[in-house]
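Below is one structure; the comments refer to it alone.
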Amino acid sequence: MSETLIKARGLSVGFKIGSGFFGKSILKAVDNVDIDIDKGSFFGLVGESGSGKTTLGRALLKAVPITGGSAHYTDGEVDYDLTTLAGPELKDYRKRAQLIFQDPYAALSPRMTVRDIIAEPLEVMGLTKTREETDARVREIAAKCRLNLEHLRRFPHAFSGGQRQRISIARALVSGPKFVVADESVAALDVSIQADVLNLLKELQRDLKITFLFISHDLSVVAHTCDHLAVMYLGRLVESAPTREVFKAPRHPYTRALFSAIPSLDPDDRGTAQKLEGEIPSPTNQPPGCKFHTRCPFAVDICKRVEPKLEHPGDGHEVACHRWRELADTLVA
Ligand code: SF4
């Protein structure tokens with residue numbers, strides 16, 4: 001039976017905005033999310049820009065404050081309550097939970113050598129005592145990330161996008177984290193390089209027993225990489241299931257629409273699937289009821305008034321839609 005590394009219940013992240021007559025209002029970037037990330041899994045989190053996926057990832061890294069609900073991290077050595085984590089325990093969590101950035105060009109200091117970029121977290125966290133020890137660890141993780149060890153003295157500008165992303169990955173992994181959030185980590189790369197970096201991440205997941213939260217706006221990338229998929233819309237989790245189940249039977253109209261956006265190689269595909277129309281509403285002006293009803297072709301009256309709860313239909317599936325049962329036979333994948 002799989003063990004859970006991250007468990008969140010009713011997790012919310014709100015930001016104060018504005019300074020109107022009635023005082024500041026709260027923008028709920030993540031609202032009441034339940035999520036279980038199993039140890040050693042490659043967990044995909046997908047949604048359009050503005051869905052709250054990046055904020056959720058940052059909240060689980062303690063990079064933004066959790067303003068509601070609960071979140072726990074349990075790796076067998078430590079058990080941390082992420083809502084209250086502070087002081088030495090937060091410092092320790094920084095070694096265990098790391099982030100790989102999206103943009104390999106902006107993430108690396110142009111004035112530091114590759115060796116120094118990768119070594120910096122070790123020095124900041126005090127994980128090595130001597131330069132020899134630091135160098136040995138840098139070389140070890142650089143080799144695992146398929147970097148040429150002869151190039152450690154070079155500066156980032158000498159490298160391609162794919163090589164730079166491997167430097168970013170090495171920097172994120174040098175402290176030996178057990179949980180890594182990869183936020184749009186291949187989005188800035190060419191398609192052929194994307195596959196190379198994704199294969200590397202999968203290899204590192206297996207070899208180093210790392211649990212990945214892989215965040216992407218692109219379902220086609222997530223679907224072919226991850227063990228489990230969770231779909232977010234306007235701060236809510238609308239569907240979550242093992243990847244094979246989502247492929248077999250996506251339950252939520254929004255998930256179906258994301259699948260429709262994946263270009264088909266099938267010449268007989270006449271585009272019968274549901275297409276996603278319109279823009280995601282602003283988080284500052286959210287519609288009542290189901291947050292997807294302004295774009296959903298299946299919306300009925302109740303959808304506009306009552307927010308659907310996350311249901312558990314079986315097969316590890318969770319879905320938040322009033323009509324998922326009746327739509328199951330009619331929706332076309
Ligand atoms: Fe569409 Fe209604 Fe389901 Fe929301 S609850 S996804 S509006 S059918």
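The values are calculated or read from the model by the stated rules, or taken from the named source; none is laboratory data. Keep in mind it's a predicted model, so treat the numbers as computed, not measured. Ideal geometry is used to build each Cβ from the backbone, glycine not excepted, and the neighbour counts take in all protein chains shown. Just the protein is used for accessible areas: all its heavy atoms, side chains included, with ligands, DNA and RNA removed. Shrake-Rupley method; radii C 1.70, N 1.55, O 1.52, S 1.80 Å.
Some points to look at:
- Under 5 Å between amide hydrogens, built in the peptide plane, is the criterion, and for G69 it picks out S12 among residues at least 5 positions away or on other chains.
- The calculated FRET efficiency for K129 paired with K91, based on their beta-carbon distance and R0 = 22 Å, is about 0.80.
- Of the DSSP H helices in the chain, none is both long (alpha-carbon extent of 15 Å or more along the helix axis) and hydrophobic (Kyte-Doolittle mean at least 1.6).
- Two-site label geometry, R244 and E311: point separation in nm, points 7 Å out along Cα→Cβ: 2.5
- Shape of region 122-190, Cα gyration tensor, a/c cut at 1.5: oblate
- Cα gyration tensor shape for region 182-230, rounded if a/c is under 1.5, else prolate or oblate: oblate
- Derived scalar couplings ³J(HN,Hα) [region 291-303; Karplus, 6.51 cos²θ - 1.76 cosθ + 1.60; whole Hz; x for Gly, Pro]: 5, 8, 5, 6, 10, 8, x, 9, 5, 10, 4, 4, 4
- For A187, net neighbour charge (Lys/Arg +1, Asp/Glu -1) across residues whose Cβ lies under 10 Å away: -4
- For region 4-68 versus region 178-192, the spacing of their alpha-carbon centroids is 19 Å.
- For the chain, radius of gyration divided by Kirkwood radius, i.e. Rg to Rh on alpha-carbons: 0.99
- Global form of region 31-128, assessed from the alpha-carbon gyration tensor, a/c cut-off 1.5: oblate
- With contacts taken as Cα pairs under 8 Å and at least 6 residues apart, the chain reaches a relative contact order of 20 percent.
- Comparing S12, S168, S49 in a Gaussian network model of the chain (Cα springs below 10 Å), the most mobile by mean-square fluctuation is S49.
- Here R153 and E3 are evaluated by their C-beta separation; at R0 = 41 Å the FRET efficiency comes out at 0.50.
- Protein accessible area in the chain, 1.4 Å probe - carbon and sulfur %: 51
- Using Cβ point charges alone (K and R +1, D and E -1), the dipole size of the chain about the Cα centre works out to roughly 760 debye.
- Within the shell of other residues whose beta carbon sits under 13 angstrom from the beta carbon of H157, the net charge comes to +3, with Lys and Arg scored +1 and Asp and Glu -1.
- Rounded Å value of the spacing that divides the Cα centres of region 218-236 and region 87-142: 28
- Taking amide H as placed 1.01 Å from N in the peptide plane, the amide H of V181 sits under 5 Å from that of Q98, L99, I100, L213, each at least 5 places away or on another chain.
- Karplus-derived HN-Hα couplings along region 280-285 (A = 6.51, B = -1.76, C = 1.60, θ = phi - 60°), whole Hz, x at Gly and Pro: 5, x, 5, x, 7, 9
- Bridgeable lysines around K209 (alpha carbons under 26 Å apart, same-chain partners fewer than 8 residues away excluded): K7, K39, K53, K62, K91, K95, K129, K144, K178.
- I17, I118, reordered so the largest accessible area comes first (probe 1.4 Å): I17, I118
- Computed from the alpha carbon positions, the gyration tensor of region 160-303 leads to an equivalent ellipsoid with semi-axes of 31, 19, 15 Å, biggest first.
- For L108, neighbours were defined as the other residues whose beta-carbon sits under 9 Å from its Cβ, and their charges (Lys and Arg +1, Asp and Glu -1) total +2.
- Label-point gap, in nm, between N285 and E120 - each point 7 angstrom along Cα→Cβ: 4.0
- Probe 1.4 Å, accessible area per residue of the chain, Å²: 49
- For K16, the solvent-accessible surface with a 1.4 Å probe is about 150 Å², rounded to the nearest 10.
- A helix-only calculation puts the chain at -9000 deg cm²/dmol for mean residue ellipticity at 222 nm, using -39500 (n - 2.57) for each DSSP H run of at least four residues, averaged over all residues.
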